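Below is one structure, written out as structure tokens; comments come after it.
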């Protein structure tokens, strides 16, 4: 995949402004800031997927570079079925008499539930391979019992008592900026990084308000173009999206 | 292009003929003029650079860049290495007096200059990693590298080529070409003449004051 190093982009910005290498570190700082910021909204190679072990007390420990989750999934053949987030799960620890961490006792038993198949995202006849309710259950509000929530205080994923898996797959966002290797970005980002550097450099140099505003306008336009390029949707995708919707219509 | 001797003699003649023609001693010591020449060139050099900066051109007069080869010393305790400055460069924004430093075998891939005021501030930030490149910064009479470049992992560098913006007259003989652009010569002459005549005037004023008091 074609990428462009941040080092090259910063040197190009220096050339644009007729500046010597002595401005490099300050320009690089601005470049790193905008790459870090863009990576919070766009996939700049900072979307990671990792398999986590579920602990004896029904939790999984988040990786150190975790910023936010995209999904927590259960493995089902070649697919990953996303679990639902349940914000009411208790994030406090539960301990046994010896002080060991244990899961909470569930208020719900899953054993008697006739809907266990789809509730547990187990891939039954009432569910398609993407974990969506189908057939006579289509459109029904799901009441899953295999749920999770993020415990930001303890950097863990909390699972509901119905958790029966020993591993889950976490897809999450981390920062795109690396300190242990040279940073690479998509060529789409070149313009937005350079225009941000120019804008911030003008701000640091106490430039006139007019010059700063022009550069800010340049940056806003570059970011708009970048957003459009990163979220491109072609004709086939739009048609495909509509046809999928028609296909999954209600059946009585 | 002129030499130190040519300029000094020209200044001597001008001084004797026009500025201080009434003085009994029409000859000023050449050694004095040569010292003033050196100081004047460095002063004008800095003014020249500052004016171009003001005009929005960030550049230095390349004919004043002197190249030195310096031995690198390891400072393993701090995981860095350093060289001792062979001459003190002009003080310019972002330490541009040190124009470039490169390994002897990689002249076109210079190390990254880091302004001395930034080096402490940006510790712990992402920019401190410098995209896996090696930077340098000045501290006193030494230039430190952000990594120990004598280590094999960093290229086993034993000496570096340093380009300094300075008029280092210890390297220039009286009859060697001066490393200044031709348009600066007239300004230098004028500046030295002003310095010499100013000194004379002050001396005469002092002597007359003393004679009045007596």
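The values are calculated or read from the model by the stated rules, or taken from the named source; none is laboratory data. All figures in this text were calculated on a predicted structure; none of them were measured in a lab. Every residue, glycine as well, gets a Cβ built from its backbone with ideal geometry; the counts of neighbours run over all protein chains shown.
Of everything listed in (1) more than 10 Å from chain A (Cβ to nearest Cβ); (2) within 22 Å of residue B:41 (Cα to Cα); (3) within 16 Å of the chain's Cα centre (by Cα); (4) in contact (Cβ under 8 Å) with a residue 24 or more places away in the chain, the single unmet condition for residue B:96 is (1). Whether a residue is part of a loop (DSSP other than H, G, I, E, B), buried (at least 16 other Cβ atoms within 10 Å of the Cβ), on the phi < 0 side of the Ramachandran plot and more than 14 Å from chain A (Cβ to nearest Cβ) was assessed, and residue B:189 does not pass this test. Taking the stretch A:179-230 as the range and being within 14 Å of chain B (Cβ to nearest Cβ) and in contact (Cβ under 8 Å) with a residue 24 or more places away in the chain as the test, the residues that pass are A:182, A:183, A:184, A:185, A:193, A:197, A:200, A:201, A:204. Scanning the stretch B:135-146 for residues that are away from every other protein chain (no Cβ under 13 Å) and buried (at least 21 other Cβ atoms within 10 Å of the Cβ) turns up B:143, B:145.
Restricting attention to the stretch B:169-193 and to residues that are within 18 Å of residue B:67 (Cβ to Cβ) and touching a helix residue (DSSP H, G or I) at 6+ places or on another chain (Cβ under 8 Å), the residue that is modelled with the highest pLDDT turns out to be B:176. Only one of the numbered conditions (1) assigned by TED's automatic domain parsing to the domain that holds residue B:68; (2) part of a helix (DSSP H, G or I); (3) under 25 Å from the mean Cα position of the chain (by Cα) is not met by residue B:194, and that is (1).
For every residue, the table says whether it meets (1) over 30 Å from residue A:222 (Cβ atoms); (2) not assigned by TED's automatic domain parsing to the domain that holds residue A:105.
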residue: A:33; (1), (2): no, yes
residue: A:38; (1), (2): no, yes
residue: A:65; (1), (2): no, no
residue: A:82; (1), (2): yes, no
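Looking across the stretch B:127-147, the residues that are closer than 17 Å to residue B:102 by Cβ and in a loop (DSSP other than H, G, I, E, B) come down to B:133, B:134, B:146, B:147. Has the stretch B:114-134 got any residue that is touching a helix residue (DSSP H, G or I) at 6+ places or on another chain (Cβ under 8 Å), away from chain A (no Cβ under 14 Å) and either at pLDDT below 90 or closer than 19 Å to residue A:21 by Cα (or both)? Scanning the stretch B:114-134, I find no residue that is touching a helix residue (DSSP H, G or I) at 6+ places or on another chain (Cβ under 8 Å), away from chain A (no Cβ under 14 Å) and either at pLDDT below 90 or closer than 19 Å to residue A:21 by Cα (or both), so the answer is no.
Within the stretch A:79-138, restricting attention to residues that are within 14 Å of residue A:159 (Cβ to Cβ) and modelled with pLDDT under 60, the residue that is surrounded by the fewest Cβ atoms within 10 Å (Cβ to Cβ) is A:108. Only one of the numbered conditions (1) touching a strand residue (DSSP E or B) at 6+ places or on another chain (Cβ under 6 Å); (2) more than 10 Å from every other protein chain (Cβ to nearest Cβ); (3) farther than 30 Å from residue A:169 by Cα is violated by residue A:22, and that is (2).
Taken as a whole, the structure leaves residue A:168 outside the set of residues that are within 14 Å of chain B (Cβ to nearest Cβ), outside any loop (DSSP other than H, G, I, E, B), at pLDDT 90 or above and touching a strand residue (DSSP E or B) at 6+ places or on another chain (Cβ under 8 Å). Restricting attention to the stretch A:1-19, the residues being facing another protein chain (nearest Cβ under 9 Å) and under 14 Å from residue A:201 (Cβ atoms) number 4. Of the residues B:119, B:88, B:114, B:28, the single one that is within 20 Å of residue B:161 (Cα to Cα) and over 17 Å from the mean Cα position of the chain (by Cα) is B:114.
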